[in-house]
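The values are calculated or read from the model by the stated rules, or taken from the named source; none is laboratory data. Computed from a predicted structure; not experimentally measured. Note: ideal-geometry Cβ built from the backbone for every residue, glycine included; neighbour counts use all protein chains shown. Note: accessible area is taken over every heavy atom of the protein model, side chains too, but ligands, DNA and RNA are not part of it. Shrake-Rupley method; radii C 1.70, N 1.55, O 1.52, S 1.80 Å.
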Amino acid sequence: MSTHLYNSLVDDAALFPPGNAPMKEALPAHRKHRASDYAAHVGPFLVAEGRIGELRALLAREEPHLGPLDVVITVPGGTDDLPRALDALGTDPALNLVGMEVTAPPGTAATTATTLLKTLPEGAVGHVEVARGAQATDDITSLAGTGANAKFRTGGLTPEAHPTETELATLLEATITAEVPFKCTAGLHHAVRHTTTEGFEQHGFLNVLLATHTLMNTGTATDAATVLADRDGPALAARLTALSDTDKTHVRTRFRSFGTCSITDPLKDLTDLGVL
C-alpha cells in the first residue's frame, strides 16, 4: 500500500493550543516521534519566535548525537518581528531552520511575502498566514509568483474559529487557481470531519486532501464543499488510496502539511482506517 500521500504531513505543534505542552515535554516527545517507525509522516517542530531562547537552552542540554532539530518559527506579530526572531535564532548549530510562518493583516499578504523571503536563509520555506474574511481570497491570489506558501486556520478554541465547508472550499479554490501551495493550522486533529464534544464542527485532513484533489481536477468550490462535509471515513480513505501515485504527488504539491498539537491522534486515525 502506497503511503507517500501522508509523508511529512503532520507538523508538530505540541507547544500551541489546545495542547500547550511544556517545552521540556514537547521537545523530547518530538525527538521520539522522529525516531519512531512512523517518522516519515512527521514534519518539523513548530515554535513561536518568543520561545526560541527557551528552546535553545533545552537543546544545549541534549546529547550531541541527536543532531540538529528541524524547526519552523511562527511570527504572529508580523514582519516587524522578523529581525527579532532571526536574532534569537542566531547561528545555533542545534537548530535547522526549515521554515517561517508570518501573520499578514488583510491586504498585506504580498508585501509580507516579499519581506519574509528577503529575510529567510536559503532553503527555508516562507509561509504567509492569510487572515479570514472578505479579503482572504485576494490575499491568497496575491501570493502567486512570490515563492511564499499560504497558511490559513481551519479551527480554534471557539465555534466561530472553525470555517464552514463553503468558506474553506473557497480558500482552497483560491490556492489551486493561483497555484500557491498551502498549509493548515488548528482544528485538523482528526482524519475525518466530525463534531467535537464541545459542539465544534471540525474539518478532517482526509477531507482537505480529497477536496484539494477535486479542485485540481476541474471540480468546483461547491464540489469541494461537499467533500469537506463528508463524514464517511472508510469511503474517504478508499478514494484517496485509489488515486494514482502521480495524483497523490500532485495533491501534496499543493496541500503541504498541517500543524497539530497531537502527532499520534491523526496517525492513529489513519491506522484505524487501514491506510497506514
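Tally time: how many residues in segment 90-129 are in contact with a helix residue (DSSP H, G or I) (Cβ under 7 Å, 6 or more places away or on another chain) and closer than 15 Å to G147 by Cα?
Number of matching residues: 10.
Looking at segment 204-227 only, could you name the residues that are out of contact with any Leu (no Cβ under 6 Å at 6 or more places or on another chain) and farther than 15 Å from T253 by Cα?
G204, T218, G219, T220, A221, T222, D223, A225, T226
Among the residues of segment 154-168, which ones are touching a helix residue (DSSP H, G or I) at 6+ places or on another chain (Cβ under 7 Å) and buried (at least 16 other Cβ atoms within 10 Å of the Cβ)?
Residues satisfying the conditions are T154, G155, E165, L168.
Go through (1) open to solvent by 40 Å² or more (accessible area, probe 1.4 Å); (2) in a strand (DSSP E or B) one by one and return the number of the condition T146 breaks.
(2)
Looking at segment 109-134, which of its residues are at pLDDT 95 or above, of a type in the set (S, T, N, Q) and open to solvent by 20 Å² or more (accessible area, probe 1.4 Å)?
Passing the criteria: T111, T114, T115.
What's the number of the condition L82 fails, among (1) of a type outside the set (V, I, T); (2) open to solvent by 50 Å² or more (accessible area, probe 1.4 Å); (3) in contact with a Ser or Thr (Cβ under 6 Å, 6 or more places away or on another chain)?
Every condition holds for L82 apart from (2).
Here is a list: V72, V98. Which entry is free of Cβ contacts under 8 Å to residues at least 60 places away in the same chain, open to solvent by less than 50 Å² (accessible area, probe 1.4 Å) and either outside any helix (DSSP H, G or I) or within 23 Å of G204 (Cα to Cα) (or both)?
V98
With respect to P44, determine if the residue is crowded, with 19+ Cβ neighbours inside 10 Å and either under 14 Å from the mean Cα position of the chain (by Cα) or farther than 17 Å from F205 by Cβ (or both).
yes
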